[in-house]
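The values are calculated or read from the model by the stated rules, or taken from the named source; none is laboratory data. As the structure is a prediction and not an experimental result, all values here were calculated from the model. Glycine also receives a Cβ, built like all others from the backbone with ideal geometry; neighbour counts cover every protein chain displayed.
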């Protein structure tokens, strides 16, 4: 071995060269594209898991029920609220499947782009779809919770006096606020994390000439 060989000096030279490496605009674009694809992919996976869990939950809840008999029992107990409940369930599933389809399309579009302008446009479009998805689910949960609360209140109100009824209303309102807060926190932490990463990538893309 050469006595003049200095491994430490070689490492220092290599580190200095690495630190001084100037990335080209194309390299930066490719890195930002990969990061964006990863964020889009995670949003797609999360929404897919949500839809699958919803389907599995419905199958589990109704697997041993006579649906016609169950519907009639609900109708006798809750009247027109039964149709609201069933309608909302169908609407929720249909809309979430629609958004899942939009996420798949968005992923393919982001993955296929080869220019800064087209990638930026498709990330913006995907962010818009995610925002609508979150708003829909929050509004849906609020409406569903209000209807469920009304049904519960009607059912128990006949057995309560005025003071007890007021307490029940207060408890229902607090539960509603907590549920909405938990759902909002879920979307903020889960979907919001990846949306913020996309927003950061958009800012970096805008700096590429």
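Any residue in region 169-187 that is within 24 Å of residue 42 (Cβ to Cβ) sitting within a Cβ distance under 7 Å of a residue that is surrounded by 11 or more Cβ atoms within 10 Å (Cβ to Cβ)? List the pairs, counting only those 6 or more apart or interchain.
Close Cβ pairs satisfying both conditions: 183/138; 183/141; 184/138; 187/134.
Tell me, which residue of region 12-50 that is more than 23 Å from residue 115 (Cβ to Cβ) and modelled with pLDDT of 85 or more is surrounded by the most Cβ atoms within 10 Å (Cβ to Cβ)? Outline the logic, then answer.
First pass over region 12-50, keeping only residues more than 23 Å from residue 115 (Cβ to Cβ): 12-21, 42, 45-50.
Okay, now just the ones that are also modelled with pLDDT of 85 or more, so 42, 45-50.
On the way: 42: 15, 45: 12, 46: 14, 47: 20, 48: 13, 49: 10, 50: 15.
This residue is 47.
Just need a number here: residues in region 141-152 that are over 16 Å from residue 181 (Cβ atoms) and in contact with a helix residue (DSSP H, G or I) (Cβ under 6 Å, 6 or more places away or on another chain).
Within region 141-152, the first condition is being over 16 Å from residue 181 (Cβ atoms), and the residues that meet it are 143, 147-148, 150-152.
Next cut, in contact with a helix residue (DSSP H, G or I) (Cβ under 6 Å, 6 or more places away or on another chain) only: 147, 151.
Of the residues in that region, 2 qualify.
When you scan region 190-197, do you find a residue that is more than 30 Å from residue 25 (Cα to Cα) and either at pLDDT below 90 or surrounded by 13 or more Cβ atoms within 10 Å (Cβ to Cβ) (or both), even just one?
yes
Regarding region 60-81, can at least one residue be identified that is over 30 Å from residue 26 (Cβ atoms) and modelled with pLDDT of 70 or more?
Start the filter on region 60-81 by keeping residues that are over 30 Å from residue 26 (Cβ atoms), which leaves 60-81.
Now drop any that are not modelled with pLDDT of 70 or more, which leaves 60.
Within region 60-81, one or more residues are over 30 Å from residue 26 (Cβ atoms) and modelled with pLDDT of 70 or more.
Yes or no, residue by residue, for (1) modelled with pLDDT of 80 or more; (2) in a helix (DSSP H, G or I); (3) loosely packed, with under 13 Cβ neighbours inside 10 Å:
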| residue | (1), (2), (3) |
| --- | --- |
| 105 | yes, yes, no |
| 111 | yes, yes, no |
| 117 | yes, yes, yes |
| 122 | yes, yes, no |
| 128 | yes, yes, yes |
| 138 | yes, yes, no |
| 142 | yes, yes, no |
| 147 | no, yes, no |
| 160 | no, no, no |
